[in-house]
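Report on one structure; see the data block that follows.
The values are calculated or read from the model by the stated rules, or taken from the named source; none is laboratory data. Here the structure is a predicted model, which means the values were calculated and not measured. For neighbour counting, all protein chains shown are included, and Cβ atoms are generated from backbone atoms with ideal geometry for every residue, glycine included.
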Amino acid sequence: MSASGTSAEYIKHHLTNLTFGHTEQHGWGIAHSAEELAEMGFWSINLDSMGFSIGLGVLFLWSFRKVAKTATTGVPAGWQNFVEMLCEFIDESVRGSFSGRNNLIAPLSLTIFVWVFLMNFMDLLAVDHIPGLASLIGVPYLKIVPSTDPNITFGLSLSVFALVLYYSFKFKGASGFFAELAFHPFPKFMMPINLLLEGVTLIAKPISLALRLFGNMYAGEMIFILIALMYSGGWVLGLFGGFLQLGWAIFHILIITLQAFIFMTLTIVYLDMASQESH
């Protein structure tokens with residue numbers, strides 16, 4: 001934190017995305033103030049969230065493809081051993097939660113778990129280092145944890161929701177899917193109440209998926225930022241902040257892994273429910 005900046009300004013700066021959009025005064029460009037961010041509105045794009053999420057996705061695909069191309073028989077070692085252990089873990093999770101047969105579920109689950117974990121893992125990097133380097137080349141804001149951006153988490157959850165709807169119509173048909181919403185859990189004459197309850201339950205799936213991941217990661221990032229503020233309070237407070245940062249980072253490893261696992265598991269469960277034929 002700079003000497004001229006306040007704690008509130010420091011926190012606000014670290015929670016602001018690098019946003020590209022349109023304003024009446026400057027046209028298309030990157031926002032440099034809260035007023036410009038507000039004017040850009042819905043049709044703006046967070047370049048940092050998109051850049052880091054896509055980059056981490058490419059890193060995941062490249063590293064796993066490399067293992068697939070260079071895999072050897074016999075006892076695996078190194079990165080190949082880790083990838084095989086991870087694939088076996090995902091396979092067991094799918095077998096335990098998905099009752100049907102679908103060649104998409106296991107690859108999708110692996111992709112979700114690894115990709116979400118990598119995005120969450122960015123929260124363990126020092127909050128000032130990468131944004132500080134970016135500021136040296138004129139980048140005003142930079143958030144490096146994509147899963148602290150609700151646009152990213154809702155993008156993931158809405159993609160899962162689209163698959164849920166697709167498989168619901170595929171296995172149940174339009175009439176079966178409607179009957180599932182309209183005639184449960186109460187008798188048919190209470191169809192309006194059934195539609196309301198089941199409709200809310202259906203819509204709550206992507207919302208809960210997105211907000212659970214976003215809320216946990218946003219809170220974790222905020223704690224790291226607050227701890228970083230302690231370094232500007234003298235060496236005693238800074239030393240205490242160092243111990244807090246280490247402790248929170250160790251605990252946060254569990255959180256980032258658990259959130260990736262929860263997102264993956266709920267995806268499997270939702271798709272299993274959607275794939276069961278209506279009776």
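Among the residues making up segment 183-229, those that are of a type in the set (Lys, Arg) and surrounded by fewer than 17 Cβ atoms within 10 Å (Cβ to Cβ) are 188, 212.
The number of residues in segment 97-113 being in contact with a helix residue (DSSP H, G or I) (Cβ under 7 Å, 6 or more places away or on another chain) and among the polar types (S, T, N, Q) comes to 4. Checked against the criterion of being at pLDDT 90 or above and small (Gly, Ala, Ser), the candidates 155, 176, 100 yield just one match: 155. The C-beta contact set for segment 239-266 (first residue touching a residue at least 24 places away in the same chain (Cβ under 8 Å) and under 18 Å from residue 223 (Cβ atoms), second residue surrounded by 16 or more Cβ atoms within 10 Å (Cβ to Cβ) and among the hydroxyl-bearing types (Ser, Thr, Tyr), distance under 9 angstrom, 6+ apart or interchain) comprises 256/147; 259/147.
So is residue 76 modelled with pLDDT of 90 or more and either out of contact with any Ser or Thr (no Cβ under 7 Å at 6 or more places or on another chain) or over 16 Å from residue 59 (Cβ atoms) (or both) or not? Against the criterion (modelled with pLDDT of 90 or more and either out of contact with any Ser or Thr (no Cβ under 7 Å at 6 or more places or on another chain) or over 16 Å from residue 59 (Cβ atoms) (or both)), residue 76 does not qualify. Checked against (1) over 28 Å from residue 270 (Cβ atoms); (2) out of contact with any helix residue (DSSP H, G or I) (no Cβ under 6 Å at 6 or more places or on another chain); (3) among the hydroxyl-bearing types (Ser, Thr, Tyr); (4) touching a residue at least 40 places away in the same chain (Cβ under 8 Å), residue 73 meets all criteria but (4). With respect to the conditions (1) over 19 Å from the mean Cα position of the chain (by Cα); (2) closer than 30 Å to residue 245 by Cα, residue 92 falls short on a single one, namely (2). With respect to being surrounded by fewer than 13 Cβ atoms within 10 Å (Cβ to Cβ), free of Cβ contacts under 8 Å to residues at least 24 places away in the same chain and not β-branched (Val, Ile, Thr), residue 79 falls outside the description. When the test is whether a residue is in contact with a Ser or Thr (Cβ under 9 Å, 6 or more places away or on another chain) and over 19 Å from residue 260 (Cβ atoms), residue 183 does not pass it. Among the listed residues 177, 186, 171, which satisfies the condition of being among the hydrophobic types (A, V, I, L, M, F, W, C) and not in a helix (DSSP H, G or I)? Of 177, 186, 171, the one residue that is among the hydrophobic types (A, V, I, L, M, F, W, C) and not in a helix (DSSP H, G or I) is 186. Residues in segment 191-212 that are over 23 Å from the mean Cα position of the chain (by Cα) and not charged (D, E, K, R): 191, 192, 193, 194, 195, 196, 197, 199.
Quick check: anything in segment 6-15 in a loop (DSSP other than H, G, I, E, B), out of contact with any Cys (no Cβ under 6 Å at 6 or more places or on another chain) and within 30 Å of residue 233 (Cβ to Cβ)? Looking for residues that are in a loop (DSSP other than H, G, I, E, B), out of contact with any Cys (no Cβ under 6 Å at 6 or more places or on another chain) and within 30 Å of residue 233 (Cβ to Cβ), one finds at least one in segment 6-15, hence yes. Just so you know, in segment 1-46 the residues that are surrounded by fewer than 18 Cβ atoms within 10 Å (Cβ to Cβ) and within 18 Å of the chain's Cα centre (by Cα) include one that is modelled with the highest pLDDT, and it is 45.
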